[in-house]
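Nothing in this text is a laboratory measurement; each read-out follows from the coordinates by a stated rule. Everything quoted here is computed from the prediction, not taken from an experiment. No Cβ is skipped: glycine too gets one built from the backbone with ideal geometry, and neighbour counts run over all protein chains shown.
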Amino acid sequence: MGVTDPAGPVMDRDEVDRALARLGAEHEAIETSLLALQDHAGRRLLEGAELTGTTRERWTTADASITLLWAYFDAYTDALRSAREIRARRRWSSREDLVELTELLRGDSVTVAGSATATANAPTLLSAAGRLSERFSLVTLVDRMNELYATSLDMVVTADAVWSALPARIDLLAAELQRTRNLAHSVGVRPGEHPAGDDLERITRILTKLREDVVSDPLGFWVPAQGSSAPGGGRPDTTVYDREAQALEEVRREIDAVLTVRQDAEARLIRLRDVLSRADRTLAEARTARGEVLAKIAATEVPVVSGPPTALQEQLAAAAEYRRTAQWHRLSPLLESLEQQAEDELLRARESLTAVTAPLAVRAELRGRLDAYKAKVARHGLAEDPFLIERYDAARRMLWSAPCDLRVAEQAVLRYQRAAAEALAAPRVPQQSGPEDRRGEQ
């Protein structure tokens, strides 16, 4: 190893044999990788696809890189074959053989002929612009092939990952979309007539365009993994797909609501008629009660009772017509609105009845209070007290007369209550010569 040349110290036979074994193993690994890349489903799809956008640009570069890879590999194969032939000349290689092998195995002895096809679109750092050929050492050539292989494989794996994931999912969603469209059409949900029909048309257009874009430009739908250098590190971008899938789910719920209306429309219409009928009866009762209040109660403001809800009746008739003509998409929102309005109308009728009959309720409460105090007085033996009888009769005449002045009657009841309370609180003295007159004490 004392003799040297531009490639360094001359290798001995053992070094040459070890180098040849290592290079042979590398050759097999590289050949296996290149064949796998050549047969990769993603590469075949890229080769035959009508590409656009980012994918077209990157595939032009990757395709040139793969062509250059094979040129490099052929040169590497030729160099390895030449080295093996030199080593096979003699069992014990001569000095001249070892010098030649050292130059071949360590020096820039591999010449790769350049060509327009192989280098025109290859990465600028990996191609020798303006050269007809390049010279490499075997080590440098392997490094170049590794770089070209990594970038080419990343592009092929990425495109294949997107094609394997998104088009199939889009097709499944499109099939579900078609089923939903057919179902929507059967219940009258059509574009221009119902918002859900317009949504289905929009989703159809977007999914059609999305599939075209994914097939022609898969790299436009790829999100690289942060910090990952492995080929194909990342995931398909499903943002548009997920948004439209959610929109379709919302439309499906809307169609389900329409189907539910179709199934139980008659029962809901019957319930609506019942609620509105109860509201009408309650308002009629309130109008009758108002006349009674005006006749029996004096000096009281009685609220006016409105008439029946004709607008709701008209809407109810429209709902019945929608059901008869199977316009379920129109019936669905109308029923929901009517159900809420009918409940509100019934509540308003009940509040109106309560407000109208409030004076009668006040009179009834005053009558009950008067009789309660009378019973209490009787239990304490004061039922025959003339003063209490006088106060009771005055209050009773006011409460049982028509029209009744509630303010005056309430004051009469309060006077009776006070007189009864004072009589119950006063000490009881046994009577000697006749009834005691306490009116002067009041």
Descending packing, highest mean Cβ count within 10 Å first, for 211-222, 391-402 is 211-222, 391-402
Within straight-line cross-link reach of K209, aspartates and glutamates at Cα separation under 13 Å, skipping those fewer than 8 residues along the same chain:
D171, E201, D217, E244
Taking Lys and Arg as +1 and Asp and Glu as -1, residues besides T282 with C-beta under 14 Å from its C-beta add up to -1
Value of Rg/Rh across segment 220-316 [Cα atoms, Kirkwood radius]
1.52
Residue by residue through segment 286-292, which ³J(HN,Hα) values in whole Hz follow from phi under the Karplus form 6.51 cos²θ - 1.76 cosθ + 1.60 (θ = phi - 60°), with glycine and proline marked x?
5, 5, 5, 5, 5, x, 5
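If you average over every viewing direction, what projected area does the convex hull of the Cα atoms of segment 1-105 give, in nm²?
Values: hull surface 33.2 nm².
The Cα convex hull of segment 1-105, projected and averaged over all directions, gives 8.3 nm².
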Residues with amide H under 5 Å of D405's amide H, sequence separation 5 or more or different chain, H placed in the peptide plane at 1.01 Å from N; which?
A298
How large is ³J(HN,Hα) for each residue in segment 208-214, as worked out from phi by the Karplus curve 6.51 cos²θ - 1.76 cosθ + 1.60 (θ = phi - 60°), to whole Hz, x for Gly and Pro?
4, 5, 4, 5, 4, 5, 5
Mean Cβ-within-10 Å packing, highest first, puts peptides 412-423, 96-107 in the order 96-107, 412-423
Enumerate the whole-percent occupancy of each 20 Å bin, from 0 to the last occupied one, for all C-alpha pair distances of the chain.
16, 21, 16, 14, 13, 10, 7, 2, 0
Once the principal axes of the Cα atoms of segment 156-265 are found, what is the range along each, listed largest first in whole angstroms?
61, 23, 18
Efficiency of FRET between A25 and Q263 - r from beta-carbon atoms, R0 56 angstrom, step 0.05:
0.20
Note, segment 233-244: 3J(HN,Hα) by Karplus (6.51, -1.76, 1.60, θ = phi - 60°), whole Hz, Gly/Pro = x, goes x, x, 8, x, 7, 9, 4, 5, 4, 4, 5, 6
Across 10 Å bins from the origin, how do the percents of Cα pairs in segment 193-251 run, short distances first?
21, 39, 25, 12, 3, 0
